[in-house]
1. Counting only C-alpha contacts under 8 Å and six or more residues apart, can you give the relative contact order of the stretch 142-252 as a whole percent?
2. Just to be sure I understand the model, the point goes 7 Å from the Cα along the line to the Cβ. What's the resulting His137 to Thr187 distance in nm?
3. State, to one decimal in nm², a quarter of the convex hull surface area for the C-alpha atoms of the chain, i.e. the direction-averaged projected area.
4. Cα-Cα pairs above 14 Å in the stretch 99-150: how many percent?
5. Give the long-range amide H neighbours of Arg119: residues separated by 5 or more places, or on another chain, with amide H under 5 Å away, using H modelled in the peptide plane at 1.01 Å from N.
6. Over what distance in Å are the Cα centres of the stretch 87-129 and the stretch 203-252 separated?
7. Report the gain in length on full extension from Ala222 to Asn150: 0.36 nm times residue separation, minus Cα-Cα distance, nm rounded to one decimal.
8. Give the accessible surface of the chain per residue, rounded to a whole number of Å², with probe radius 1.4 Å and ligands, DNA and RNA excluded.
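The values are calculated or read from the model by the stated rules, or taken from the named source; none is laboratory data. Keep in mind that this is a model prediction, so the values were computed, not measured. Glycine also receives a Cβ, built like all others from the backbone with ideal geometry; neighbour counts cover every protein chain displayed. Remember, those area values only see protein heavy atoms, side chains included, never the ligands or the DNA or RNA. Shrake-Rupley method; radii C 1.70, N 1.55, O 1.52, S 1.80 Å.
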Amino acid sequence: MMDLEVLNDDVRQMILDCAEEERPSEMCGVVVFNYDGFEFLHLKNVADRPSETFEISADAWLAAERAGEVAAVVHSHPNGEPFLSGADRQMQVHTGLPWILVTAGRLKLFRCVPHLRGRQFEYGKTDCFTLIRDAFHLAGIDFRDHERTNIDRDAAADSFVRNLPDGGFSRVSDGTLQAGDVILTATGGHASHAMLYLGGDWILHHAYNQLSCRVPYTNYWAHVTHSVWRHRDWQPEMIAAIENDLLHRVDP
């Protein structure tokens, strides 16, 4: 899987320089892999409102593909927004590629995770913990995955309670809820399900044998709440990154 470490200093600086030259428009381009390694190709932004969005022409994309294997899409947010917009997320999932965002003089790479709503459940691959991990990634916070074996066995072993601190989470002792908190629920004594609190009495979760969805935090969920956890690096404005992805419409 591609990450920023594979780009040498010259390539990184070229991306930053191109973003600065294009201000106040959004800069765009691609990283391609060829015999010379990873190379950045600066492409023209042909959007009607380039200061608000970007668009790469079909001809430019085809030319990039002839130059090598397209490994990532690159664009900038000249106003400094550190997250992918709703339109960005729609297009990222369509491309199936990592996207590199230039923001505030820095490069940020976003893995191409599936949209947060409408996922099929597969324990250990697309489950409640995967959903939360991907949501935090979109917000700019990464933590490692943890091994899953069997739902009931992992719950009995208090897998969530043991692994959340390693990911940077601390248990909230005062019972308050704020957007970005992780809620663990238990129906048999052990925490067996994790949900993301979105604020305004809404949660995002992925239950067994169901599609991931956004639903109200009802009295039922409050009744089965086991504990609330908060990440040390979470900032209130990060919820915008998750809300941007939730603009994705889930087909019935």
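1. On the way: 147 pairs, mean separation 29.8, N = 111.
It rounds to 27 percent for the stretch 142-252.
2. Placing both labels 7 Å beyond Cα along the Cβ direction yields 2.8 nm.
3. Numbers: hull surface 60.1 nm².
For the Cα atoms of the chain, the hull's average projected area reads 15.0 nm².
4. Every Cα pair in the stretch 99-150 considered, those over 14 Å come to 56 percent.
5. Amide H neighbours of Arg119, under 5 Å, 5+ apart: Ser212.
6. Here the answer is 16 Å between Cα centres.
7. Values: separation 72, 0.36 × 72 = 25.92 nm, distance 2.55 nm.
Extending this stretch completely gives an extra 23.4 nm.
8. Numbers: 13140 Å² over 252 residues.
On a per-residue basis, the chain sits at 52 Å².
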